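The values are calculated or read from the model by the stated rules, or taken from the named source; none is laboratory data. Keep in mind it's a predicted model, so treat the numbers as computed, not measured. With ideal geometry, Cβ positions are generated from the backbone for all residues, glycine too; neighbour counts draw on all protein chains shown. Quick note on the areas: whole protein, heavy atoms, side chains included, nothing else; ligands and nucleic acids left out. Shrake-Rupley method; radii C 1.70, N 1.55, O 1.52, S 1.80 Å.
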Amino acid sequence: QVQLVESGGDLVQPGGSLRLSCVASGLSFSTYAMKWYRQAPGKERELVAGITIPGGSTNYADPVKGRFTISRDNARNTMFLQMNSLKPEDTAVYYCNAERITRANLQVNYWGQGTQVTVSS
């Protein structure tokens with residue numbers, strides 16, 4: 001059974017930092033591209049950052065460029081999101097996603113349950 005478990009969400013003041021973690025089990029972690037998404041109240045889920053395999057190339061949504069850093073530790077089946085200079089508009093539920101394309105060209109996706117990040121004074 002595949003599980004993605006996020007942690008690290010919290011209430012933080014504007015300008016503060018948080019580090020989110022996503023621990024994966026039940027899958028071959030190093031074969032999956034990993035992504036962070038977020039969903040704010042009343043808004044659609046949006047891609048925040050992604051990290052590929054095997055080289056670990058990264059990409060970021062424009063609103064978080066220069067403030068967020070995505071990374072992965074394949075030995076620990078864990079992905080991270082370091083979030084600095086947080087803004088109120090970063091408030092959302094943050095979701096971990098694992099994705100790969102099978103040999104039959106089928107897309108396989110798994111999601112975590114989400115962790116709440118609230119940026120407020």
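Which order, highest average first, do 60-70, 28-38 follow once you tally other Cβ atoms within 10 Å for each residue and take the mean per peptide?
The most tightly packed comes first, giving 28-38, 60-70.
When only Cα pairs under 8 Å and 6 or more residues apart are kept, what is the percent relative contact order across segment 39-90?
After rounding, I find 23 percent.
Find the accessible area per residue for the chain; the probe is 1.4 Å, ligands and nucleic acids are left out, and the unit is Å².
So the chain comes to 54 Å² accessible per residue, rounded to a whole number.
Tell me, how many Å apart are the Cα centres for segment 1-61 and for segment 63-92?
7
At a threshold of 8 angstrom on Cα-Cα distance, excluding pairs fewer than six apart, so keeping six or more, what relative contact order does the chain reach in percent?
35
Which residue fluctuates most in the GNM of the chain (Cα springs below 10 Å): Glu99, Glu44, Glu89?
Of Glu99, Glu44, Glu89, the Gaussian network model singles out Glu44 as fluctuating most.
At a Förster radius of 22 Å, what calculated FRET efficiency corresponds to the Cβ-Cβ distance of Ala75 and Tyr110, to the nearest 0.05?
Efficiency at R0 = 22 Å is approximately 0.65.
Relative to the present Cα-Cα distance, how much length would full extension add between Glu46 and Thr58 at 0.36 nm per residue of separation?
Once the chain is fully extended between Glu46 and Thr58, it gains 2.7 nm.
Nearest 20 debye, what's the magnitude of the dipole of the chain about its Cα centre given +1 on Lys and Arg Cβ and -1 on Asp and Glu Cβ?
Working: 12 positive and 9 negative charges, 48 e Å.
For the chain, the charge dipole is close to 240 debye.
How much of the accessible area of the chain, in percent, comes from carbon and sulfur atoms when a 1.4 Å probe is used? Before the final figure, lay out the partial values.
Values: 3010 of 6550 Å².
For the chain, the apolar C and S fraction of the accessible surface comes to 46 percent.
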